[in-house]
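First up is the structure itself, then whatever we jot down about it.
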Amino acid sequence: MAIVTLVSKPQAKVNGSFRVFKIPEDCGRCKLYDICMGRLKPGRVYRIIEVRPLKYPSPYRCLLNGDEMVPVVVEEENLILPVKLPYVIEGVVTSFDKSWCTCYPCPTGALPSKVKVVKVIERRQCGNEQFFIVEAKPLD
C-alpha cells in the first residue's frame, strides 16, 4: 500500500529508501506530524516510488534539521525475519513471535504481529530448533 509522507528535499529521490528507527519526541509537536512521521512505523524500511512536484518553494521545514520537506509516495519494504514453523511456503500468512529473534537478528523497532511470507531464503538450525529465514510482508 502506498503512503504519502514528507522527506527532506535532498532525500527525495525515486527508488531511494530510508529506515525509521524511532520517531523523535520533537516530531510529536510539529504541525506536520500527521502527514510526515505519523504515517510511518518504527523499524520499517520505506522505498520512495514517486516525488510529488511542488509549483513553488516548499513552505514546509523540518523542526529537527531545518531542511525543506517535500511530499513523496512511499511503499513499505519487506522485512527479513526468522520464522519457526514445521514448514514454510511462499504465500503463507502467519503470526510472528518476537522470541524467534534469539538465533537471528531481527530489525530494530516495532515488529509486526502478522506477516505474509514472500520468499523463503534459507533454513537454519538453532540449538534443537529449526528456523526459516524469510522475506516477509508486514500485515499490520
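The values are calculated or read from the model by the stated rules, or taken from the named source; none is laboratory data. Keep in mind that this is a model prediction, so the values were computed, not measured. So basically every Cβ, Gly included, is an ideal-geometry build from the backbone, and we count neighbours across all protein chains shown.
Structural remarks
- Counting only strands (runs of 3 or more DSSP E) wholly contained in the stretch 82-140, the ones carrying 3 or more residues that are among the aliphatic types (A, V, I, L, M) and either over 23 Å from MET1 (Cβ atoms) or free of Cβ contacts under 8 Å to residues at least 40 places away in the same chain (or both) occupy 114-126.
- Among the criteria (1) hydrophobic (A, V, I, L, M, F, W, C); (2) under 17 Å from LYS137 (Cα atoms); (3) crowded, with 16+ Cβ neighbours inside 10 Å, the one VAL72 does not fulfil is (2).
- Output for the stretch 84-100, where each listed residue is exposed (fewer than 15 other Cβ atoms within 10 Å of the Cβ) and within 17 Å of PRO42 (Cα to Cα): LYS98
- Scanning the stretch 109-133 for residues that are hydrophobic (A, V, I, L, M, F, W, C) and touching a Lys or Arg at 6+ places or on another chain (Cβ under 7 Å) yields ALA110, LEU111, VAL115, VAL118, PHE131, PHE132, ILE133.
- When residues of the stretch 48-67 are limited to those that are outside any loop (DSSP other than H, G, I, E, B) and buried (at least 16 other Cβ atoms within 10 Å of the Cβ), the one nearest to the chain's Cα centre (by Cα): ILE48
- Hits in the stretch 45-91 - residues which are closer than 29 Å to VAL117 by Cβ and in contact with a Pro (Cβ under 7 Å, 6 or more places away or on another chain): GLU76, LEU79
- Candidate set: the stretch 1-47, residues that are among the basic types (Lys, Arg) and either in contact with a Cys (Cβ under 9 Å, 6 or more places away or on another chain) or not in a loop (DSSP other than H, G, I, E, B) (or both); chosen: the one modelled with the highest pLDDT: ARG47
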